[in-house]
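Have a look at the structure below before the remarks.
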Amino acid sequence: MGEVAARDDIAEMVKRVIDMRSDTVTKPTEAMRAAMASAEVDDDVLGYDPTARRLETEMAKIMGKEAALFVPSGTMGNLVSVLVHCDVRGSEVILGDNSHIHIYENGGISTIGGVHPKTVKNNKDGTMDLDLIEAAIRDPKGELFYPTTRLICLENSHANCGGRCLSVEYTDKVGELAKKHGLKLHIDGARIFNAAMALGVPVDRLVQAADSVSVCLSKGLGAPVGTVIVGSRSFINKAKTLRKTLGGGMRQIGILCAAALVAVQENVKKLEDDHKQAKQLAGGLNQIVGLRVDIDSVETNIVYVDVCKNSNTTALKLCEYLEERGILVMAGNAYRIRLVMHHQISSTDVQYTLSCIQEAVAEAISSEHAGKSQAIN
């Protein structure tokens with residue numbers, strides 16, 4: 001009877017998919033669906049959608065900026081922001097070599113905007129050395145030969161560095177450096193609320209030095225769609241024109257903005273729990289022989305786990321094993337897995353995931369030992 005009950009428990013868990021591939025996979029909550037159903041809407045391209053205006057006004061206030069604009073995605077938010085600041089083709093932007101804009105946004109700043117990326121090495125904590133940023137700024141006297149530097153981009157939290165947070169002090173110094181050279185500062189704030197929560201800093205203070213920020217609402221905050229970019233009124237007026245040029249002008253977007261408002265109002269406070277669960281998951285994974293996690297790097301909701309090469313398994317094999325048990329994770333490379341917490345992951349989900357991963361690694365190691373034993377015999 002015990003074995004039957006155990007199998008039933010596993011079957012029940014498998015019925016419910018535990019999706020840790022990203023925090024973009026959340027489903028709209030009932031409150032979001034209700035808000036979407038009852039949203040007051042109008043034509044936003046003409047500037048009349050009241051729910052969109054409400055979201056944009058609220059986000060500008062929260063971020064401490066003059067104005068805001070809803071766009072369909074984080075990629076468009078960053079693209080529009082870069083193009084507003086670099087409005088002359090052949091301009092150059094300084095950004096991290098491991099940044100989302102540089103790696104994952106299809107080279108849009110170059111292919112669409114004619115903006116040249118000048119990469120600076122990202123440190124393990126997501127920062128770029130200030131002296132390297134300054135050294136990357138082009139000498140205006142060489143404008144006959146060089147692109148003209150117009151913008152610096154930061155990312156906070158920094159996804160590829162494991163969700164690491166850039167401090168207020170660091171961000172302020174980059175802002176001072178930008179002003180010293182007559183440049184603008186844009187922050188890819190896809191998970192800026194995660195960073196603010198982890199640092200214990202008001203989000204408006206964290207981005208005070210920035211001329212613009214893109215804030216993704218469909219990641220940590222769990223909205224189904226959308227990003228808001230914030231900045232000065234003149235910046236947002238130019239951004240609105242570019243949004244239309246890129247095909248991002250939508251009509252009754254109040255349906256989407258209503259869900260985003262619920263996300264902002266209800267889910268920011270849940271990020272602390274996401275971070276706690278990420279740390280619990282990281283600690284549990286680090287105790288499994290054959291796996292390794294840099295515990296100090298787990299500051300927000302992202303956990304990277306390295307699969308030791310002597311564990312007789314790979315990231316892909318582990319992903320397949322977990323998927324069979326209803327757990328979805330993402331392989332970063334042959335020996336690295338990424339797991340991301342969000343508000344629809346429970347502590348029970350974390351414990352079940354840990355037990356499955358431990359079981360998978362133990363099976364791999366025991367099969368290796370068995371193979372060696374047979375070879376000796």
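The values are calculated or read from the model by the stated rules, or taken from the named source; none is laboratory data. The structure displayed is predicted, hence computed values, not measured ones. All Cβ positions, glycine included, derive from the backbone under ideal geometry; neighbour counts span all protein chains shown.
Identify, from the list VAL45, VAL25, the residue that is of a type in the set (A, V, I, L, M, F, W, C), outside the structural domain of ARG150 (by TED's automatic domain parsing), assigned to a loop (DSSP other than H, G, I, E, B) and surrounded by 14 or more Cβ atoms within 10 Å (Cβ to Cβ). Spell out the reasoning first.
Numbers: VAL45 fails: outside the structural domain of ARG150 (by TED's automatic domain parsing).
Testing whether each residue is of a type in the set (A, V, I, L, M, F, W, C), outside the structural domain of ARG150 (by TED's automatic domain parsing), assigned to a loop (DSSP other than H, G, I, E, B) and surrounded by 14 or more Cβ atoms within 10 Å (Cβ to Cβ) leaves just VAL25.
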| Which one of the conditions (1) farther than 24 Å from LYS15 by Cβ; (2) of a type outside the set (Lys, Arg); (3) modelled with pLDDT of 95 or more does SER346 fail to meet, given that it meets all the rest? | (1)
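On the given criteria, is VAL14 outside the structural domain of ASP204 (by TED's automatic domain parsing), under 25 Å from VAL340 (Cβ atoms) and at pLDDT 95 or above? Talk me through it step by step, then tell me what you get.
On the way: outside the structural domain of ASP204 (by TED's automatic domain parsing): yes; under 25 Å from VAL340 (Cβ atoms): yes; at pLDDT 95 or above: no.
No: the conditions fail for VAL14.
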| In region 127-152, which residues are touching a Pro at 6+ places or on another chain (Cβ under 9 Å) and buried (at least 22 other Cβ atoms within 10 Å of the Cβ)? | THR149
| said: Could you check region 68-83 and list, in sequence order, the residues that are closer than 13 Å to SER212 by Cβ and either basic (Lys, Arg) or out of contact with any strand residue (DSSP E or B) (no Cβ under 7 Å at 6 or more places or on another chain) (or both)? | reply: LEU79, LEU83
| note | Expected output for region 221-246 (first residue in a loop (DSSP other than H, G, I, E, B), partner among the aromatic types (Phe, Trp, Tyr), Cβ below 7 Å, 6+ apart or cross-chain) is LEU221/PHE193; GLY226/PHE70
